[in-house]
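Novice: To start, I am sharing the structure in question, which I have written as structure tokens.
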């Protein structure tokens, strides 16, 4: 689940995107936060499959954003951080 800080960040990024931001960083952070928002089971499943599998599965989904390897790595790192938070609680 999203932390309070992540919720605030998501709102800020969403406002920038709605105002016309087209940066890969904004879009990849928003995509990662959206995946984290899907819940603990989702982030744990994504994290357990590894970065390469995350890229293989998500590249076609995010094709129009022209994400580069660094963007996917940033997204995956955020997902892994959320998975670690979940695992510490359980």
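Novice: Computed from the mean reciprocal separation of all distinct C-alpha pairs, what Kirkwood hydrodynamic radius does the stretch 51-90 have, in Å?
Specialist: Details: mean 1/r = 0.0915 Å⁻¹.
Value: 10.9 Å, from the Cα pair sum.
Novice: Calculate, in nm to one decimal, what residue 18 and residue 53 gain on full extension: separation in residues at 0.36 nm each, minus their alpha carbon distance.
Specialist: Net length gain for the segment: 9.6 nm.
Novice: If you average the sequence gap of Cα pairs under 8 Å that are 6 or more apart and divide by the length of the chain, what percent do you get for the contact order?
Specialist: 38 percent
Novice: Using all C-alpha to C-alpha distances in the stretch 4-89, build P(r) with 5 Å bins and read off the rounded percent in each one.
Specialist: Whole-percent P(r) values from 0 Å outward: 3, 15, 26, 25, 18, 10, 3, 0.
Novice: Taking a label point 7 Å from the Cα of residue 7 along the Cα→Cβ vector, which residues of the stretch 35-54 have an amide N closer than 17 Å to it?
Specialist: So the set is 35-40.
Laboratory data are not the source of any read-out in this text; all were calculated from the coordinates shown. These numbers come from a predicted model, not from an experiment. So basically every Cβ, Gly included, is an ideal-geometry build from the backbone, and we count neighbours across all protein chains shown.
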